[in-house]
Amino acid sequence: MNLLTPPRLDKTAVKNSFNRYASEYDHTAILQAEVQSRLLERLDYIKLQPKTIVDLGCGPGQAIKPLLKRYKKSTVIGFDMAHAMLREAKKKYGLFDRKCLINADMDQLPLADDSVDLIFSSLAMQWSNDLLETFKGFKRVGREGGLLMFTTFGVNTLHELRESWQMVDDRPRVHHFIDMHDVGDMMLAAGLSQPVLDMDRITLEYDHFRDLLKDLKAIGATNAEKNRSRGLLTARRLKKLEDAYRNIAFKNGRYLATYEVVFGHAWF
């Protein structure tokens, strides 16, 4: 961790949020399931026979079985910082499935050097406190010729909510996401080879504003900035926030929420 750049995220808050909603995640994380499916499809175009796979930020384990089915001789290690997510993942798999579940943080991977052939990570890396150092950790544990394949949220994700909050107060209320070009620069700086990045925009629609906020809570994606506001959202402030949002992103009777999804891969 760069001591000149103090940790921006409250990792305890992140873990508590994901632990709290782990049992609901499979039923509410529709966007996450779609993005993960698209990321798995991209493996169709890459020739790789990994022996050891890390599913980083595995959540309740939706990707483990597809990875085991695709790579029949591989072992999949599921990492997640939220222990309740791993309990949910464990329920899905049999005793003899080739998988291992580890409660750990991506910022400090407890893996040996040159021990992993594929790191697969879908919508988890936005929870890193130092993405450059995280990429360096990937480089350290990755075997030569191995692959990093990931998605994360780009800088314009939930811009409607961010802009709406700015009309209510000046405290950070929405997670700060990193620009795709900065992600690419960090990959190069970490020594990853031939990085490729592209981006999709996905827009979700809601009949009611409270459903949008409920969705964010149910997938654990609440704001975890260290200097976030800790006050309760009163009915008055909620109404003010909804009015602001309605002026920004309300079309054809529905509230819109934009997600900028960054897809990336590179070689170790």
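Worth a mention:
- Flag for Lys51 being among the basic types (Lys, Arg) and within 29 Å of Lys217 (Cα to Cα): no
- Checking the range 33-56 against the condition returns a match, with at least one residue being part of a helix (DSSP H, G or I), polar (S, T, N, Q) and touching a residue at least 40 places away in the same chain (Cβ under 8 Å).
- If only residues of the range 67-78 that are open to solvent by 50 Å² or more (accessible area, probe 1.4 Å) and in a helix (DSSP H, G or I) are counted, the one that is nearest to His265 (Cα to Cα) is Arg70.
- Identity of the residue in the range 105-135, under 15 Å from Leu56 (Cα atoms) and surrounded by fewer than 16 Cβ atoms within 10 Å (Cβ to Cβ), that ends up nearest to the chain's Cα centre (by Cα): Gln108
- Residue list for the range 26-63, filter: under 24 Å from Thr157 (Cα atoms) and among the basic types (Lys, Arg): Arg38, Arg42
- Selected residue (criterion: least open to solvent (accessible area, probe 1.4 Å)) from residues of the range 1-43 that are at pLDDT below 85 and hydrophobic (A, V, I, L, M, F, W, C): Leu9
- Within the range 246-268, residues that are acidic (Asp, Glu) sit with their Cβ atoms under 9 Å from residues that are part of a strand (DSSP E or B), at 6+ positions apart or across chains, in these pairs: Glu260/Phe153; Glu260/Met199; Glu260/Asp200; Glu260/Arg201; Glu260/Ile202.
- Condition check for Val141: more than 26 Å from Arg20 (Cβ to Cβ), among the aliphatic types (A, V, I, L, M) and touching a Lys or Arg at 6+ places or on another chain (Cβ under 8 Å): no
- Residue count, the range 89-104 (criterion: crowded, with 18+ Cβ neighbours inside 10 Å and not hydrophobic (A, V, I, L, M, F, W, C)): 1
- Residue among Gln62, Gln126 that alone is within 18 Å of Thr151 (Cβ to Cβ), touching an Asp or Glu at 6+ places or on another chain (Cβ under 8 Å) and free of Cβ contacts under 8 Å to residues at least 60 places away in the same chain: Gln62
- Residue in the range 79-88 that is among the charged types (D, E, K, R), surrounded by 15 or more Cβ atoms within 10 Å (Cβ to Cβ), on the phi < 0 side of the Ramachandran plot and touching a Cys at 6+ places or on another chain (Cβ under 6 Å) present: yes
- Residues considered: Gly231, Gly264. Of these, the only one that is of a type in the set (Gly, Ala, Ser), at pLDDT 95 or above and under 28 Å from Asn19 (Cα atoms) is Gly264.
- When residues in the range 44-65 are screened for being open to solvent by 50 Å² or more (accessible area, probe 1.4 Å), over 22 Å from Val141 (Cα atoms) and not basic (Lys, Arg), 3 of them pass.
The values are calculated or read from the model by the stated rules, or taken from the named source; none is laboratory data. Since the model is a prediction, treat every value here as computed from it, not as a measurement. Note that we place each Cβ from the backbone using ideal geometry, even for glycine, and neighbour counts take in every protein chain shown. With ligands, DNA and RNA removed, areas are computed over all heavy atoms of the protein, side chains included. Shrake-Rupley method; radii C 1.70, N 1.55, O 1.52, S 1.80 Å.
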